[in-house]
Amino acid sequence: MRILGIDPGFERLGIAVLESAQGGSSSSRKELVVFSECFKTSSKLDFAERLKLLGEEVKRVIKKYKPEILAIETLFLNTNQKTVMRVAEVRGVVIYESSQAGMKILEVSPPQIKMATTGYGRADKEQIMKMVRILVEIDKSKTSDDELDAIAIALTAFAHIRN
């Protein structure tokens with residue numbers, strides 16, 4: 001099974017495709033990172049153009065890697081309403097493209113991600129990033145929080161499915 005994990009944002013979109021590991025004992029199996037990136041858009045572009053580019057990239061990844069499930073982070077409210085609205089629009093584009101591809105949609109909250117990756121619902125960013133590197137094999141050069149968050153989101157979906 002392949003899961004597309006998305007950390008939504010309009011400047012930086014974390015994208016990861018993970019595949020369930022085959023064979024081996026349950027303690028030695030790790031999900032495999034098939035693809036991951038932090039897709040960036042320029043602030044010099046109109047927001048509509050940025051949305052278009054984000055949608056095209058998600059569509060390209062879906063077409064190439066054929067995931068079955070989209071795992072996407074739910075919105076958390078912050079003080080900047082404009083940012084929240086823009087991220088909501090990005091989520092809409094991602095969910096639309098995934099729905100068009102016939103994928104199942106799973107929305108996960110920040111506490112669920114923390115619990116699934118660290119076992120502690122109030123874990124901090126450092127703890128999550130450390131556990132992501134333990135739970136999957138990834139290139140040490142991958143340091144983008146958005147990309148690692150997308151991997152954590154996909155791992156959360158695998159944990160949800162197992163339970």
Quiz item: With labels modelled as points extended 7 Å from the Cα through the Cβ direction, what inter-label distance (nm, one decimal) is found for Asn163 paired with Tyr96?
Solution: 3.3
Quiz item: the stretch 84-163: which trypsin sites (Lys or Arg not before Pro) are DSSP loop and have at most 12 other beta-carbon atoms within 10 angstrom?
Solution: Arg122, Lys140
Quiz item: Based on Cβ point charges of +1 for Lys and Arg and -1 for Asp and Glu, what charge dipole magnitude is obtained for the stretch 1-136 about its Cα centre, in debye rounded to the nearest 20?
Solution: 180
Self-check item: Helix axis angle, 81-100 relative to the chain longest principal axis, alpha carbon, degrees
Solution: 70
Quiz item: Could you give the angle, 0 to 90 degrees to the nearest 10, between helix 145-162's Cα long axis and the longest principal axis of the Cα atoms of the chain?
Solution: 50
Quiz item: Between Met1 and Ser109, what is the spin-label point distance in nm, taking each point 7 Å from the Cα along the Cα→C-beta axis?
Solution: 2.2
Self-check item: Distance-filtered residues of the stretch 49-91 - backbone nitrogen under 20 Å, label point 7 angstrom along Asp139 Cα→Cβ
Solution: 57-58, 60-62, 64-66
Quiz item: Per q in 0.09, 0.10, 0.11, 0.15 1/Å, what log10 I(q)/I(0) does a Debye calculation on the alpha-carbon atoms of the chain return?
Solution: -0.27, -0.33, -0.41, -0.76
Quiz item: By count of other Cβ within 10 Å, fewest leading, how are Asp7, Asp46, Asp124, Asp145 ordered?
Solution: Asp46, Asp124, Asp145, Asp7
Quiz item: At what distance in nm do the modelled label points of Ala21 and Leu75 sit from each other, each positioned 7 Å from its Cα along Cα→Cβ?
Solution: 3.7
Quiz item: Do any trypsin sites (Lys or Arg not before Pro) in the stretch 27-57 lie in a loop, going by DSSP, with at most 12 other beta-carbon atoms within 10 Å of their beta carbon, and if so which?
Solution: Arg29, Lys44
Quiz item: What do the square roots of 5 times the Cα gyration tensor eigenvalues come to for the stretch 77-156, in whole Å, largest first, as semi-axes of the equivalent ellipsoid?
Solution: 23, 17, 13
Self-check item: Mean Cα-pair separation over length for the stretch 2-162, i.e. relative contact order, pairs under 8 Å, 6 or more apart, %
Solution: 32
Quiz prompt | Cα-only radius of gyration and Dmax that characterise the stretch 40-124, units Å | solution = 14.6, 40
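Just so you know, all these numbers are worked out from the coordinates, no wet-lab data involved. Worth saying up front: this structure is predicted, and the values here are computed from it rather than measured. So basically every Cβ, Gly included, is an ideal-geometry build from the backbone, and we count neighbours across all protein chains shown.
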